[in-house]
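Everything on this sheet refers to the single structure shown next.
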Amino acid sequence: MKQVDGEKLLASLGEGVNQLRGRLTPDASMERVTWFQAGGLAELMFQPHDVDDLVTFLKILPPEVPLTVVGVGSNLLVRDGGIPGVVVRLSAKGFGQVELVGENRIRAGAICPDKHIAAMAMDNGIGGFAFYYGIPGSIGGALRMNAGANGGETAQRVVEVHAVDRQGNLHVLSREDMGYSYRHTKVSKDLIFTHAVFEGYPEERATIRAEMDAVRQHRETVQPIKEKTGGSTFKNPEGHSAWKLIDDAGCRGLMNGGAQMSSLHCNFMINIGHATGYDLEYLGEMVRQRVFEHAGIKLEWEIKRLGIFMPGREVKPFQGAATE
Ligand SMILES: Cc1cc2nc3c(=O)[nH]c(=O)nc-3n(C[C@H](O)[C@H](O)[C@H](O)COP(=O)(O)OP(=O)(O)OC[C@H]3O[C@@H](n4cnc5c(N)ncnc54)[C@H](O)[C@@H]3O)c2cc1C
């Protein structure tokens with residue numbers, strides 16, 4: 001049974017949509033967007049042609065319509081009832097560019113893959129970006145998640161972030177404005193990042209190449225990167241590794257329906273066949289329960305869960321979460 005009705009929402013937006021140059025898709029499949037390849041529909045997906053097109057759309061979108069932005073879906077779990085309202089997915093044409101903008105500075109559009117920044121930095125002898133080589137997300141996702149690995153993180157490299165708010169107003173934010181902490185920014189969830197400027201430092205190309213190779217080799221060995229996954233399921237609690245807590249609680253390889261905690265890296269959840277959003281989220285809560293019972297620690301989701309449940313298939317937060 002369909003929980004969202006994209007055609008109805010599109011019709012309610014009226015004639016204003018005729019001036020848009022981007023693509024509007026009612027009832028868009030989120031299975032095709034997310035790395036998990038699971039979950040329900042986006043009620044209405046908008047892929048803006050460029051920043052002006054995004055601004056025009058936001059100005060005609062009634063304030064009561066929920067708005068969600070996604071990147072390339074490498075950190076998303078979409079619930080089976082779908083995502084009500086509009087899902088904005090930036091187009092590669094309008095938001096995918098990466099270019100040098102000064103000594104050791106790189107400007108990247110928000111849908112640009114992290115890997116492309118790493119490659120551009122290497123080609124130009126700019127150090128500090130090799131960690132991006134192994135993260136499969138986009139720059140928008142990296143800015144929102146403060147993505148990081150191998151001792152590097154987005155917060156260290158960002159100089160300025162350009163964004164659009166829910167009303168279609170443009171903003172420029174400094175690194176300080178972003179208020180970064182571990183896998184978190186304090187800025188409003190309503191902001192859509194459009195592009196950002198990053199700064200590195202001079203470094204030998206051969207050194208950067210070696211760093212990137214090491215990042216790739218390490219990932220191929222310890223992460224299930226060829227599986228349908230959402231990356232790290234839970235954040236590392238202060239002073240602990242999430243994978244170790246999960247392992248110690250006996251959850252390595254634990255399954256629920258088509259979902260499993262990877263045997264290779266047990267903080268990675270994988271879709272081993274036809275997992276639903278329910279299978280994945282329920283498994284996550286089972287793991288939280290067991291880790292809490294075993295170690296007294298409440299794991300916090302790193303994966304972003306979006307949308308609504310199918311009736312009768314709700315997932316309740318685990319018992320120990322009552323005080324969250
Ligand atoms: C195999 C694998 C390995 C991974 N390894 C790492 C790792 O080492 N380190 C790490 O940090 N992460 C890792 N991840 C997780 C993921 O790649 C990062 O969190 C990434 O930054 C998410 O980017 P995305 O484009 O996929 O965002 P999505 O998953 O699409 O979205 C994630 C969040 O970002 C928001 N967002 C996306 N674009 C924008 C935008 N333009 N404006 C505002 N908000 C936006 C979304 O609303 C959502 O809240 C891994 C994932 C996988 C599948």
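The values are calculated or read from the model by the stated rules, or taken from the named source; none is laboratory data. Worth saying up front: this structure is predicted, and the values here are computed from it rather than measured. Using ideal geometry, Cβ is built from the backbone for each residue, glycine included, and neighbour counts are taken over all protein chains shown.
Taking the condition of being aliphatic (A, V, I, L, M) and either in contact with a Ser or Thr (Cβ under 6 Å, 6 or more places away or on another chain) or within 13 Å of the ligand (Cβ to nearest atom) (or both), how many residues in region 159-198 meet it?
At the first step, the residues of region 159-198 found to be aliphatic (A, V, I, L, M) are 159, 161, 163-164, 170, 172-173, 178, 187, 191-192, 196-197.
Going one step further and asking which of them are either in contact with a Ser or Thr (Cβ under 6 Å, 6 or more places away or on another chain) or within 13 Å of the ligand (Cβ to nearest atom) (or both), we end up with 161, 163-164, 173, 178, 187, 191-192, 196.
Residues meeting the conditions: 9.
Every residue, every condition in (1) buried (at least 20 other Cβ atoms within 10 Å of the Cβ); (2) over 23 Å from the mean Cα position of the chain (by Cα); (3) on the phi > 0 side of the Ramachandran plot, yes or no:
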site: 239; (1), (2), (3): no, yes, yes
site: 244; (1), (2), (3): no, yes, no
site: 249; (1), (2), (3): yes, yes, no
site: 252; (1), (2), (3): no, yes, no
site: 259; (1), (2), (3): yes, no, no
site: 264; (1), (2), (3): no, no, no
site: 274; (1), (2), (3): no, no, no
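Within region 72-104, the set of residues being in a strand (DSSP E or B), closer than 27 Å to residue 190 by Cα and more than 14 Å from the ligand (Cβ to nearest atom) comprises 84, 98, 99. In the set (1) within 14 Å of the ligand (Cβ to nearest atom); (2) among the aromatic types (Phe, Trp, Tyr); (3) within 28 Å of residue 122 (Cα to Cα), the condition left unmet by residue 201 is number (1).
Within region 161-179, residues that are over 19 Å from residue 111 (Cα atoms) sit with their Cβ atoms under 6 Å from residues that are among the basic types (Lys, Arg), at 6+ positions apart or across chains, in these pairs: 179/186.
Is it the case, given these coordinates, that residue 38 is buried (at least 16 other Cβ atoms within 10 Å of the Cβ), assigned by TED's automatic domain parsing to the domain that holds residue 69 and part of a loop (DSSP other than H, G, I, E, B)? Criteria met by residue 38. Checking 208, 225 one by one, the residue that is buried (at least 18 other Cβ atoms within 10 Å of the Cβ) and either over 24 Å from the mean Cα position of the chain (by Cα) or within 14 Å of the ligand (Cβ to nearest atom) (or both) is 208 and no other.
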